[in-house]
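Everything below concerns the one structure shown next.
The values are calculated or read from the model by the stated rules, or taken from the named source; none is laboratory data. This is a predicted model, so every value here is computed, not measured. Cβ sites come from the backbone with ideal geometry, for glycine too, and all protein chains shown count toward neighbours. Ligands, DNA and RNA are stripped out before the accessible areas are found, and what is left, the full protein with its side chains, is counted by its heavy atoms. Shrake-Rupley method; radii C 1.70, N 1.55, O 1.52, S 1.80 Å.
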Amino acid sequence: QVQLVESGGGLVQPGGSLRLSCASSRSIFSFATMGWFRQAPGKQRELVAIVTSSGTTNYADSVKGRFTISRDSAKDTVDLQMNSLKPDDTAVYYCNGRSGLTSNWGQGTQVTVSS
């Protein structure tokens, strides 16, 4: 059983920054892909950013230039640096790790962007 745990969520003002972190019971470098998803009230869960085992990254158009996904070998975590946050970024953010046909999810961390 794989366990993923997100941290770093909170309340920030528009234009502010947050850094989310995802820790796993197995090395994050052992997954084929790891990513961050989010789900806002009344909206479908969407992929925010993904990083493959080779280090290739992809982002949703809505966050390009503002968010950065990275793997931290020292901490063995997958992080999501979020800058220039907007109210529309408000959502529960979930960490995902995929290995073969198995997809693992964390329980989510709330990010609220509001004045």
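The figures follow:
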read-out	value
Extreme residue, most open to solvent (accessible area, probe 1.4 Å), among residues of the stretch 22-34 that are in a strand (DSSP E or B) and over 11 Å from Gly106 (Cα atoms)	Thr33
Pair list, Cβ < 7 Å and 6+ apart or interchain, from the stretch 56-79 residues that are in contact (Cβ under 8 Å) with a residue 12 or more places away in the chain to residues that are open to solvent by 70 Å² or more (accessible area, probe 1.4 Å)	Arg71/Phe29; Val78/Arg71; Asp79/Arg19
The stretch 87-115: number of residues that are farther than 16 Å from Val63 by Cα, open to solvent by less than 40 Å² (accessible area, probe 1.4 Å) and of a type in the set (D, E, K, R)	0
Counted residues, the stretch 1-21 - those being open to solvent by less than 40 Å² (accessible area, probe 1.4 Å), outside any strand (DSSP E or B) and not small (Gly, Ala, Ser)	0
Residue count, the stretch 73-110 (criterion: in a loop (DSSP other than H, G, I, E, B), at pLDDT 95 or above and not basic (Lys, Arg))	10
Failed item in (1) among the β-branched types (Val, Ile, Thr); (2) within 19 Å of Leu18 (Cβ to Cβ); (3) out of contact with any Asp or Glu (no Cβ under 6 Å at 6 or more places or on another chain), with Val113 passing the rest	(3)
Lone qualifier among Ser70, Ser115 - being closer than 26 Å to Gln13 by Cα, among the small types (Gly, Ala, Ser) and in a strand (DSSP E or B)	Ser70
Residue count for the stretch 37-55, restricted to those that are more than 20 Å from Arg19 (Cα to Cα) and among the hydroxyl-bearing types (Ser, Thr, Tyr)	2
Those residues of the stretch 35-84 which are more than 21 Å from Leu101 (Cα to Cα), basic (Lys, Arg) and surrounded by fewer than 16 Cβ atoms within 10 Å (Cβ to Cβ), in sequence order	Lys43, Lys64, Arg66, Lys75
